[in-house]
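Below: one structure, written as structure tokens.
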Amino acid sequence: MHVLITGCSSGIGRAAVEAFARAGHQVSATARNLAAIEDLRSGNVQVLRLDVTDRESMRAAVEAARRWAPLDVLVNNAGYGQAGPLTELSQEEWLEQFQTNVFGLMELTRLVTNGPGGMIERRGGRIIMITSVVAHVATPFSGAYCATKFALRAISDTLRLELAPFGIRVVQVEPGPIRTRFADNSLARAARLLSRRDTPYEFLRSAIEGRARRSQVGAAPASSVAEAIVRAAVARRPATRYPVTWQTRALKLVRSVFPERALDLILARVFGLPTRPRP
Ligand SMILES: NC(=O)c1ccc[n+]([C@@H]2O[C@H](COP(=O)([O-])OP(=O)(O)OC[C@H]3O[C@@H](n4cnc5c(N)ncnc54)[C@H](OP(=O)(O)O)[C@@H]3O)[C@@H](O)[C@H]2O)c1
């Protein structure tokens with residue numbers, strides 16, 4: 001089986017490369033900075049540059065991957081979380097967040113499904129989307145990121161139906177908190193916001209930082225997601241979604257049984273937001 005994975009420089013993407021390679025599969029490991037994945041190169045792993053915001057790099061990577069062997073599985077993993085209250089994010093921050101987590105991912109998916117040698121023509125393949133628990137429960141101070149994962153859930157649910165007639169399965173892997181560079185990257189992206197003194201959210205600075213770090217609280221190792229990704233790739237009849245961590249299962253359950261008002265109160269408390277207007 002030949003698998004192409006995005007965002008392999010660290011975290012879940014890197015762990016997935018290692019898991020597929022250990023199981024003897026061919027892997028096209030990709031990252032926007034090739035030097036960051038050189039060490040992954042081996043007999044069954046080739047490394048390719050791929051930036052999900054750069055169409056030409058995606059086209060070249062898919063072409064190079066296909067020259068090696070037809071692509072059986074695409075793992076859409078690359079992504080980041082923009083921290084910050086929604087009204088404080090700039091248009092550029094919004095655009096970049098969606099460009100990376102949604103539009104770039106969709107462009108790469110099209111490149112893999114369409115055209116000569118594509119999954120549609122070959123009548124088979126598998127697309128694995130790394131969504132998140134926040135595709136089900138949107139949380140304060142990471143709303144733009146949650147919006148991309150809600151969008152990805154809708155895209156995956158639609159693609160699953162649209163691609164089934166061509167023998168292509170679309171599977172969602174839903175991690176909860178996972179120990180990776182995710183929180184550090186989130187905080188780095190929020191540096192501009194957190195250094196500002198002229199924001200109405202100044203009193204919530206530590207809560208905003210706390211939200212960015214939350215993905216590391218009680219976090220599971222990246223290998224736990226990698227195992228679920230491999231299971232989703234090799235299963236004869238894969239599940240529609242693979243929740244990873246107890247936090248994902250618990251929050252999905254809470255979402256389905258609690259009234260929205262109660263859920264709001266819980267989230268406000270967890271994220272340190274007053275529920276009454278401040279003077
Ligand atoms: N960690 C969690 O708690 C958690 C929970 C739920 C879902 N997830 C999802 O899991 C996926 C992987 O995240 P992670 O936790 O492994 O975080 P991570 O360690 O920060 O890894 C993110 C990966 O995405 C790459 N990336 C970012 N922008 C890119 C771009 N424009 N083009 C190509 N690659 C790009 C990064 O590359 P650079 O090194 O070049 O930045 C890195 O390889 C993401 O989709 C994330 O939303 C994570």
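The values are calculated or read from the model by the stated rules, or taken from the named source; none is laboratory data. Owing to the predicted nature of the structure, the values given are computational and were not obtained by experimental measurement. Virtual Cβ from ideal backbone geometry, glycine too; neighbours counted across all protein chains shown.
I'd like the full set of residues that are crowded, with 16+ Cβ neighbours inside 10 Å and part of a loop (DSSP other than H, G, I, E, B), limited to segment 1-43. Selection gives MET1, THR6, GLY7, CYS8, SER9, SER10, HIS25, ARG32.
Listed here are the residues, each with its yes/no results for (1) farther than 17 Å from LYS149 by Cβ; (2) outside any loop (DSSP other than H, G, I, E, B); (3) of a type in the set (Phe, Trp, Tyr).
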residue: PRO238; (1), (2), (3): yes, no, no
residue: TYR242; (1), (2), (3): no, yes, yes
residue: SER256; (1), (2), (3): yes, yes, no
residue: LEU265; (1), (2), (3): yes, yes, no
residue: ARG269; (1), (2), (3): yes, yes, no
residue: PRO274; (1), (2), (3): yes, no, no
residue: PRO279; (1), (2), (3): yes, no, no
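Confirm whether SER142 is closer than 26 Å to LEU71 by Cα, among the hydroxyl-bearing types (Ser, Thr, Tyr) and within 16 Å of the ligand (Cβ to nearest atom). No, not satisfied. Screening GLN91, GLN97 for residues that are within 12 Å of the ligand (Cβ to nearest atom) and modelled with pLDDT of 95 or more leaves exactly one candidate, GLN97.
Looking at segment 44-75, which of its residues are surrounded by fewer than 17 Cβ atoms within 10 Å (Cβ to Cβ), within 18 Å of SER9 (Cα to Cα) and touching a His at 6+ places or on another chain (Cβ under 9 Å)? Listed by number, the list holds a single entry, ASN44.
Determine, yes or no, whether ALA250 is surrounded by 21 or more Cβ atoms within 10 Å (Cβ to Cβ) and either within 15 Å of the ligand (Cβ to nearest atom) or within 21 Å of ASP72 (Cβ to Cβ) (or both).
no
Among the residues of segment 73-81, are any farther than 29 Å from CYS146 by Cβ and either hydroxyl-bearing (Ser, Thr, Tyr) or away from the ligand (no atom under 14 Å from the Cβ) (or both)? Scanning segment 73-81, I find no residue that is farther than 29 Å from CYS146 by Cβ and either hydroxyl-bearing (Ser, Thr, Tyr) or away from the ligand (no atom under 14 Å from the Cβ) (or both), so the answer is no.
Remark: PHE203 falls outside the filter, which requires a residue to be of a type in the set (Phe, Trp, Tyr) and near the ligand (Cβ under 7 Å from one of its atoms). From the list VAL170, VAL112, VAL102, VAL133, the one residue that fits, being under 20 Å from ARG214 (Cβ atoms) and crowded, with 16+ Cβ neighbours inside 10 Å, is VAL133.
Against the conditions (1) within 30 Å of GLN91 (Cα to Cα); (2) in a helix (DSSP H, G or I); (3) of a type outside the set (Val, Ile, Thr); (4) touching a residue at least 60 places away in the same chain (Cβ under 8 Å), ALA232 satisfies every one except (1).
Per-residue answers, yes or no, for (1) touching a Lys or Arg at 6+ places or on another chain (Cβ under 9 Å); (2) among the acidic types (Asp, Glu); (3) assigned to a loop (DSSP other than H, G, I, E, B):
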| position | (1), (2), (3) |
| --- | --- |
| GLU93 | yes, yes, no |
| GLN97 | yes, no, no |
| GLU107 | yes, yes, no |
| GLY117 | yes, no, yes |
| GLU121 | no, yes, no |
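In this entry, ALA212 is excluded by the filter for residues that are buried (at least 19 other Cβ atoms within 10 Å of the Cβ), assigned to a helix (DSSP H, G or I), touching a helix residue (DSSP H, G or I) at 6+ places or on another chain (Cβ under 8 Å) and free of Cβ contacts under 8 Å to residues at least 40 places away in the same chain.
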